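Below is one structure, written out as structure tokens; the observations come after it.
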Amino acid sequence: MKGGELMKHTFFTVGPSQIYPTVPKYVKEAVERNILSLSHRSGEFKNMFSDVVENIKQLLSIPSDYEIVFLPSATEAMERTLQGVVEKESFHIVHGAFGKKFKEIADDLGKKASVYQLDITGFADEIEIPKSVELVCLTQSDTSNGSWISPEFIYQIKKKYPEKLIAIDIVSSVPIVNLDFSKVDIAFFSVQKGFGLPAGLGVMVISPDAYKKAQQVKDKGYSIGSYHSLLSLIQQAKKFQTPETPNVLGIFLFKQVLRDMLEKGIGTIRKQADIKASMLYEFFDQHQEYKPVITHPDFRSSTVIVVEARDTETIHTRLSKEGMKVGKGYGSKEDDHIRIANFPSHTVDQIEMLIQALS
Ligand SMILES: *Cc1c(COP(=O)(O)O)cnc(C)c1O
């Protein structure tokens, strides 16, 4: 594909997605300032790391005693979480393919993992979690089908089971979801979705309780991983360092975009996301040819909108001619669904253009 041809498209794909508008400027800045040659053991790098921690905590209101560590991906964060804080047993509340993947990683690590399949067509029953479960795993917005669980749902679980740790995948909902991090123990995401950055950087938010648990798991003789164990990641992060040579460019770009988002204000960013989500759902709900996969308003993701459609190939071709790309369906739904990202990179005007093109 020719570079020029790609440039013209607006990507409503769910990840990687449209880059945040200031990213090209910062890539240029990284080259000009020689960030690409910067040692990860230098003072400049430590300052950068410390800025990211400060900015992400401010943007998302993360408690000051929580740790922030970097990884290459969110998928690795699933493994780090399960290996780090689970001796024997995890519990997975699943409503899509990403929740299922989280559970499969527990299986692969030899943990006893049980699944509660959440009914996203109606009201959830009271969830009973066995006493022996150490960690409850959730996916806030499941990117495979556009389902979403409310923060209140998550807080109720923590309230009912305060002794259990809660881990939550917020990959496709951050920074839009307004989550009280003091009520979860581990949250993770990668930056190629809601932050509109190039792929290759994952972020994990870790509570003091989760840190303590990782120490216990290790002291009892379980393997919690090697160079990237939760403990080694946290001990390095306390010095604004990483165990290995990290994605320095990714961390630099993240720092810059965080600063832009702080300047814009998280309230404004979230309000715009709500407006754009309503535009999309209103359009699809009224249109004969499209049917949103999630019908119950409580379970509809505001950041990933998945709709059933006929002849999706024609839709992709038509949109491409108009300079837009939407995502295909996930897995077996590749040709039956289209998936649309509603991230901070997408403007109201762009969403309007997309709706026009889909009409
Ligand atoms: C994309 C995605 C992941 C995987 O992220 P990677 O950075 O590719 O590992 C995990 N969970 C959800 C909900 C996602 O949307």
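The values are calculated or read from the model by the stated rules, or taken from the named source; none is laboratory data. The shown structure was predicted, so the numbers you read here are calculated from the model rather than taken from an experiment. We place every Cβ from the backbone using ideal geometry, glycine too, and count neighbours over all the protein chains shown. All accessible areas refer to the heavy atoms of the entire protein, side chains included, with ligands and DNA or RNA removed. Shrake-Rupley method; radii C 1.70, N 1.55, O 1.52, S 1.80 Å.
Entry note: the stretch 79-170 has Rg to Rh equal to 0.93, where both radii use alpha-carbon atoms and Rh is the Kirkwood radius. The residue among 42, 136, 245 whose Cα reaches farthest toward the positive pole of the charge dipole of the chain, with charges on the beta-carbon of Lys, Arg, Asp and Glu, is 42.
Here the chain has 50 percent of its accessible surface on carbon and sulfur atoms, given a 1.4 Å probe and all protein chains in place. Under 10 Å, Cα contacts only: if you run a Gaussian network model on the chain, which one of 196, 323, 250 comes out with the highest mean-square fluctuation? Maximum fluctuation in the GNM of the chain, among the listed residues, is at 323.
Note that the stretch 191-197 has calculated 3J(HN,Hα) couplings of 8, 7, 10, x, 8, x, 10 Hz, one per residue in order, obtained from phi through the Karplus relation 6.51 cos²θ - 1.76 cosθ + 1.60 (θ = phi - 60°); glycine and proline are x. The reciprocal of the average 1/r between distinct C-alpha atoms defines the Kirkwood hydrodynamic radius, which for the stretch 128-258 equals 16.2 Å. If you take all other residues with their beta carbon under 12 Å from the beta carbon of residue 291, and give Lys and Arg +1 and Asp and Glu -1, the sum is -3. Residues whose amide H comes within less than 5 Å of that of residue 304, counting only those at least five positions distant or on another chain, are 342 (H built at 1.01 Å from N in the peptide plane).
Counting only Cα atoms, the stretch 185-255 measures 40, 24, 19 Å along its principal axes, largest extent leading. On the principal axes of its alpha-carbon atoms, the stretch 257-359 has extents of 42, 33, 26 Å, going from largest to smallest. Residues whose amide H lies under 5 Å from that of residue 139, counting only those 5 or more places away or on a different chain, are 169; hydrogens are built 1.01 Å from N in the peptide plane.
Just reorder 158, 131 by solvent-accessible area, largest first, 1.4 Å probe, all chains present. Walk me through the intermediate numbers first.
Numbers: 158 35, 131 190 Å².
Highest to lowest solvent-accessible surface, that is 131, 158.
Taking the simple approach of a point 7 Å from Cα along Cα-to-Cβ for both residue 238 and residue 41, what is their distance in nm? Taking the two extended label points, one gets 2.1 nm. Residue 32 exposes around 130 Å² of accessible area when a 1.4 Å probe is run over every protein chain in place. Annotation: the stretch 1-145 has a Kirkwood hydrodynamic radius of 19.1 angstrom, from the mean reciprocal C-alpha pair distance. Rg then Dmax, both in Å and based on the Cα atoms of the chain: 20.4, 60.
Let me know the charge dipole size of the chain about its Cα centre in debye, to the nearest 20, where only the beta-carbon of Lys, Arg (+1) and Asp, Glu (-1) is charged.
Working: 43 positive and 45 negative charges, 176 e Å.
Using Cβ point charges on Lys, Arg, Asp and Glu, the chain gives about 840 debye.
GNM on the chain, alpha-carbon springs under 10 angstrom: the most fluctuating residue among 117, 288, 236 is 288. The charge dipole of the stretch 187-309, taken about its Cα centre with unit charges on the Cβ of Lys, Arg, Asp and Glu (plus for the first two, minus for the last two), comes to roughly 620 debye.
Between residue 109 and residue 298, the distance separating the two model label sites (each 7 Å from Cα on the Cα→Cβ line) works out to 3.0 nm.
The residue 332 and residue 8 beta-carbon pair, evaluated with R₀ = 41 Å, returns a calculated FRET efficiency of approximately 0.85.
Assign one of three labels to the stretch 307-359, namely rounded, prolate or oblate, based on the Cα gyration tensor with a ≥ b ≥ c the square roots of its eigenvalues; rounded applies when a/c is under 1.5, prolate when it is not and a/b is larger than b/c, and oblate otherwise.
On the way: a/c = 2.22, a/b = 1.43, b/c = 1.55.
Note, shape of the stretch 307-359 comes out oblate.
Each other residue within a Cβ distance under 15 Å of residue 169 adds +1 if Lys or Arg and -1 if Asp or Glu, for a net charge of 0. Between amide H atoms placed 1.01 Å from N, distances below 5 Å from residue 177 occur with no residue 5 or more places distant or on a separate chain.
Note on the stretch 17-70: Cα convex hull, mean projected area over all directions, 5.0 nm². Taking Cβ atoms as reference points and 9 Å as the exclusive limit, the residues near residue 256 contribute a net charge of +1, counting Lys and Arg as +1 and Asp and Glu as -1.
Subtracting the Cα-Cα distance from 0.36 nm times the residue separation, let me have the gained length for residue 180 to residue 209 in nm, one decimal.
Details: separation 29, 0.36 × 29 = 10.44 nm, distance 1.56 nm.
The residue 180-residue 209 span can extend by a further 8.9 nm.
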